[in-house]
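A.B. asks: Sharing a structure here in C-alpha cells format.
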Amino acid sequence: MRVISEGCRSLLYLNLSYTDITNGTLRLLPSFPNLQHLSLAHCRKFTDKGLLYLGTGKGCHKLIYLDLSGCIQISVDGFRNIASGCTGIQNLLINQMPTLTDRCIQALVEKCHQIMSVVFLDSPHLSDTTFKALAECKLLKVSIEGNNQITDLSCKFMGKCCPYIRHIHMADCQKITDAGLQMISPLKHILVLNVADCIRISDEGVMPFVQGSSGAKLRELNLTSCIHVTDASVREIAQRCHELTYLNLCHCENVTDAGIEALGNISSLISLDISGTRISDTGLRALGCHGKIKELSISECKNISDTGIQHCHVSCCPQLTDEAVKTLAFHCQRLTSVNLAGCPKMTDTCIKYLAAACCYLHFLDVSGCIHLTDKALKCLWKGCQQLQVLKMLYCRNITKQAVLKYTAKLEKQEHSDADPPSWLGYDRDGNILTFTKTHALEPEQTNSSK
C-alpha cells in the first residue's frame, strides 16, 4: 500500500476487500485525494479509530462508493468518523453485518445527505428507524433482505419521501404486507421490485401496485414464494406491465394455467420462472407461442408431463454441447421439432441421443453442425421413423451418398457441404469469428428434395 500511495496519487478505485489491512493502512488513504470507490469488505483488523483517517488532511472527501460488508468490528463511532470525512457518499454497501444497528445508519446520515443507493443484506437488527433516517436522502435504490424488524412503515417512508426511487428489494422481510405495497404504489419511477419470500403479500398488495404509477414502467418483478398470489395478480401484471422483462413466480402455488396464459400479452418478457406453480401442459403450450422468452424455469411443476414440451428451438448457441441435448432428449421424449442450426459443438453423439429417445421427431434442423458425419444420418434412419423434414446445410462431413441412402423416404431434405457462412459467427473448424451478422438460415447451394 505504501508503494501504491507513493506512485498512484490519482487513484480513483481501490479494492482492499478480504485483506489484513490495519489502521496503519487506512492512514495512507489521504494520499489518494481523488479516490471515489473504496471497498473494505470483510477486512476485520482495522478499528473505528482507523476510519478517522478518511477525513484527515486532504482525506477521501470525493468518495462516492463505500463497501463495508462483513466489517462487524465497526461501531457507531466508526460510522460517525466516516460521516465526518466523507459527506459525499452516494452508494453504500453493508452486507453480512449482523452488528449493524439503526444508530449506525443515523450517525452516517446526519452528515451524508447525498446517499442514493443502500444495500443491507443479512442485517437483521435494522428497523423502520433506519428508513426514517434514510428518508432524508434522495434514494434511488434500496436493498434489504432477511429482516424481521422492518414493517410497512418503512414502505410509508419511501412512498412519501423517495419520489424518484427506482429499485426496491425487500426480500424475506416477514412483516411487509399488502399495505406496504399499497403505500409505494403512487411512486412513478420503480423499475425493479423484489418482495421474494414476503409470505404475507397477496393479490391485495400486488394488484394495486401494478395498477399504480409504476406498473407500466416496471422491468423486473420477483414474487417468489408469495404463496397467496393468484391468477388474478398474474392477469393484472399481464395487462399493465408492458415493459416487464423479468418475472419470478417461483412457488406461487396458487398460480395456474389461467394466469400463465395471460402472460402472452407481455411482448417484452424474456425471463420467466414458474417453478412450483400449478401450470400444466396447457399453460406450457400457451407459453410456447411467446417467441421472445429466453429463460424459462419450470422445475417442480407436478402437472407438466413430457407431452407439454414438443418443440425445442436452440439455434445459434455456439457453446451448446452434446450433454445439453442428452438432457433434453431423455427428459422430453415427446419432442416433435428440434432446431439445432448454428450450434458448431454438436457431434454425432448428440444425434445418437435424439435418435435413441425422441422417436416422435418430425422436424430436425442441424444446419451448420459442422462435425456431424454420415453416422448421424444412420442413427436418425434407425431411430426416428417418423422424421419428415431434415435440414443439413453447411454440413461438410456428411456425404451426398449418405444423404441419398438414408433420407430417401423423407418428405423434404436440404443438404450442402459448403463451409458455414460468416454470418453464422464461426469458421469451418468451429472457431468463433470476431464479427458476426445475423441472418435467417436459408438454403445456399443446396441439394434438396421433396
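A.B. asks: As an exercise, take the mean of 1/r over every pair of distinct alpha carbons in the stretch 157-265, invert it, and state the Kirkwood radius in angstroms. Kindly include the intermediate steps, with their values, before the conclusion.
C.D. replies: Values: mean 1/r = 0.0746 Å⁻¹.
This gives a value of 13.4 Å.
A.B. asks: By how many nm would the segment from Cys317 to Cys8 grow when fully extended, if each residue of separation counts as 0.36 nm and the alpha-carbon distance is taken off?
C.D. replies: 106.9 nm
A.B. asks: Once you put a point 7 Å from the Cα of Lys409 and another 7 Å from the Cα of Lys292, both along the Cβ direction, what distance in nm separates them?
C.D. replies: Distance between the two pseudo-spin positions: 4.3 nm.
A.B. asks: Can you tell me which of 11-23, 39-51 comes out highest on packing, and rank the rest after it, using the mean Cβ neighbours within 10 Å?
C.D. replies: 39-51, 11-23
A.B. asks: Just to be sure I understand: with springs between alpha-carbon atoms less than 10 Å apart, which residue in Ser225, Ser233, Ser297 has the highest mean-square fluctuation in the Gaussian network model of the chain?
C.D. replies: Ser297
A.B. asks: Per residue of the stretch 355-362, in order, report the coupling 6.51 cos²θ - 1.76 cosθ + 1.60 (Karplus, θ = phi - 60°) as ³J(HN,Hα) in whole Hz, putting x for Gly and Pro.
C.D. replies: 5, 6, 10, 10, 6, 9, 4, 9
A.B. asks: On to the next question. Relative to the longest principal axis of the chain, what angle (0 to 90°, nearest 10) does the C-alpha long axis of helix 374-383 take?
C.D. replies: Helix 374-383 sits roughly 80 degrees off the main axis of the chain.
A.B. asks: Using a Gaussian network model of the chain whose springs link C-alpha atoms within less than 10 Å, name the residue from Thr434, Thr101, Thr230 with the highest mean-square fluctuation.
C.D. replies: Maximum among the listed residues: Thr434.
A.B. asks: Follow-up. Starting at the first residue of the stretch 138-154, write each ³J(HN,Hα) from the Karplus equation 6.51 cos²θ - 1.76 cosθ + 1.60 with θ = phi - 60°, in whole Hz, x for Gly and Pro.
C.D. replies: 9, 5, 10, 9, 10, 10, 9, 8, x, 10, 10, 9, 6, 10, 4, 4, 5
A.B. asks: Long-range amide H contacts for His415: which residues qualify at under 5 Å (H placed 1.01 Å from N, peptide plane, sequence gap of 5 or more or a different chain)?
C.D. replies: Under 5 Å from the amide H of His415: Met392, Asn447, Ser448.
A.B. asks: Between the stretch 266-281 and the stretch 112-171, what is the C-alpha centre distance in whole Å?
C.D. replies: 30
A.B. asks: Stretch Lys62-His37 to full length: gain in nm at 0.36 nm per residue minus the Cα-Cα span? Walk me through the numbers before you get to the answer.
C.D. replies: Values: separation 25, 0.36 × 25 = 9.00 nm, distance 0.89 nm.
Between Lys62 and His37, full extension yields an extra 8.1 nm.
A.B. asks: Shifting gears a bit: Scan (1) 24, 57, 18, 0; (2) 23, 50, 24, 4, 0; (3) 22, 35, 32, 10, 0 for the value of P(r) over Cα pairs in 20 Å bins from 0, in percent calculated from this model and give just the label.
C.D. replies: Label of the calculated value: (3).
A.B. asks: Can you check what the net charge comes to around Val195, using other residues whose Cβ is under 11 Å from the Cβ of Val195 (Lys, Arg +1; Asp, Glu -1)? Walk me through the intermediate numbers first.
C.D. replies: Working: positive: Arg200; negative: Glu145, Asp172, Asp178, Asp197.
Residues near Val195 contribute -3 overall.
A.B. asks: For the chain, take the longest principal axis of its alpha carbons; what is the angle in degrees between that and the long axis of helix 76-85, to the nearest 10 within 0 to 90?
C.D. replies: 90
A.B. asks: Also, I was wondering about something else. Based on alpha-carbon positions alone, could you give the equivalent ellipsoid semi-axes of the stretch 320-433 from the gyration tensor, as √(5λ), descending, whole Å?
C.D. replies: For the stretch 320-433, the ellipsoid semi-axes come out as 21, 17, 11 Å.
A.B. asks: Counting heavy atoms of the protein chains only and a 1.4 Å probe, report the per residue accessible area for the stretch 155-194 as a whole number of Å². All intermediate terms of the calculation are to be shown ahead of the outcome.
C.D. replies: Values: 1660 Å² over 40 residues.
I get 42 Å² per residue for this part.
A.B. asks: Can you give the accessible area per residue of the stretch 320-433, in Å², using a 1.4 Å probe?
C.D. replies: 44
A.B. asks: Express the carbon and sulfur contribution to the solvent-accessible surface of the chain as a percent, rounded to the nearest whole number, probe 1.4 angstrom.
C.D. replies: 50
A.B. asks: List the residues, sorted by chain then number, that are 5 or more residues from Leu140 or on another chain and whose placed amide H is less than 5 Å from its amide H.
C.D. replies: Ser117
A.B. asks: Given the options Pro124, Pro208, Pro318, state which has the largest fluctuation in a GNM of the chain using a 10 Å cut-off (strictly under) for Cα springs.
C.D. replies: Pro318
A.B. asks: Report, in degrees rounded to the nearest 10, the 0 to 90 angle that the Cα long axis of helix 322-331 makes with the longest principal axis of the chain.
C.D. replies: 80
The values are calculated or read from the model by the stated rules, or taken from the named source; none is laboratory data. From a predicted model like this one, the values you see are computed outputs, not experimental measurements. Note that we place each Cβ from the backbone using ideal geometry, even for glycine, and neighbour counts take in every protein chain shown. Protein only, heavy atoms only, side chains kept; ligands, DNA and RNA dropped before computing areas. Shrake-Rupley method; radii C 1.70, N 1.55, O 1.52, S 1.80 Å.
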